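> Can you read through this structure? Questions will come right after.
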Amino acid sequence: MDSRPAKNSLTILTDLVLPGETNPLDNLFGGELLARMDRASSIAARRHCKRIVVTASVNHVAFSKAVPVGSVLTIEAKVSRAFKSSMEIFVDVWIEDRESGEKTKVNEGIYTFVAVDETGTPIKVPKLIPETDLEKDRYEGALRRKQLSLVLSNKMKPSDATELKALFK
Ligand SMILES: CC(C)(COP(=O)(O)OP(=O)(O)OC[C@H]1O[C@@H](n2cnc3c(N)ncnc32)[C@H](O)[C@@H]1OP(=O)(O)O)[C@@H](O)C(=O)NCCC(=O)NCCS
């Protein structure tokens, strides 16, 4: 199976935050943001493997800054590593200043998607080629994060999580 560069999966969604999508403080509702991040990740995963993909896990989300109503929100998703049937996707979320256009990062997330056939059975995906320093950095850490996610979901014994254990040596 061929290998594909990370940049091929880049997915950018830009949209407005409308009043119906906010909490009582007039900031974007967390679940709405998660849904948008999930959609962007799903497209990135699909662009990489060209197959049906499903969300297997939301590994990490940090709501570091509130997103006020009326914001122009940009979600950037890119596959950071492909394993056998699963792919890790990094999602970065930005808002932009109306006058200067300057972007502020407000959120990031890490998702795992799995490629499946028409019956929902996991299938192999192409390998990913990281090219930039950031892509290489995220690629390097991906196995550790996969093992952590599997341990937390009771799908791997902590004693088998070699990459995690190496952190504490
Ligand atoms: C995701 C799903 C296909 C995995 O099926 P499964 O029978 O557990 O298959 P496997 O155990 O072979 O796992 C498949 C891959 O997912 C990975 N995986 C499964 N759960 C994971 C988790 N919690 N975190 C990270 N990776 C996970 C496995 O490590 C494996 O990766 P690899 O093939 O790259 O090594 C299945 O659980 C499923 O269909 N879930 C529902 C998906 C869905 O509907 N999502 C939308 C939610 S609304």
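> At 0.36 nm per residue, and after removing the present C-alpha to C-alpha distance, how many nm does the segment from Val72 to Met1 gain when stretched out fully?
Values: separation 71, 0.36 × 71 = 25.56 nm, distance 3.91 nm.
Fully extending the segment from Val72 to Met1 adds 21.7 nm.
> Find how many whole Å separate the alpha carbon centroid of the stretch 27-101 from the alpha carbon centroid of the stretch 115-163.
The distance from the Cα centre of the stretch 115-163 to that of the stretch 27-101 comes to 17 Å.
> How do Met156, Met37, Met1, Met87 line up, fewest other C-beta atoms within 10 Å first?
Ascending number of Cβ neighbours within 10 Å: Met1, Met156, Met37, Met87.
> Same structure again: Between Arg98 and Glu163, what length in nm is gained on full extension when 0.36 nm per residue of separation is reduced by their alpha carbon distance? Can you show the working numbers first?
Values: separation 65, 0.36 × 65 = 23.40 nm, distance 4.35 nm.
Extending this stretch completely gives an extra 19.1 nm.
> Taking neighbour Cβ counts within 10 Å as the exposure measure, how do Leu150, Leu33 sort from fewest upward? Spell out each step's value before the answer.
On the way: Leu150 19, Leu33 23.
Placing the least packed residue first, the sequence is Leu150, Leu33.
> Going down the table (Lys65/Lys127; Lys124/Lys146; Lys50/Lys146; Lys50/Lys169; Lys105/Lys136; Lys50/Lys157), which pairs top 28 Å between alpha carbons?
Values: Lys65/Lys127 34 Å; Lys124/Lys146 17 Å; Lys50/Lys146 22 Å; Lys50/Lys169 39 Å; Lys105/Lys136 21 Å; Lys50/Lys157 32 Å.
Exceeds cut-off: Lys65/Lys127; Lys50/Lys169; Lys50/Lys157.
> For a quick check: sort Tyr111, Tyr139 by the number of other beta carbons within 10 angstrom, fewest at the front. Mind dumping the intermediate values first?
Working: Tyr111 27, Tyr139 19.
With the sparsest Cβ surroundings first, the list reads Tyr139, Tyr111.
> Additional query: Calculate the spin-label point distance for Val151 paired with Ile52, positioning each point 7 Å from the Cα along the beta-carbon direction, and give it in nanometres.
According to this spin-label approximation, the distance is 3.4 nm.
Values in this text are rule-based calculations from the coordinates and carry no lab data. Keep in mind the model is a prediction, meaning the values are calculated, not measured. All Cβ positions, glycine included, derive from the backbone under ideal geometry; neighbour counts span all protein chains shown.
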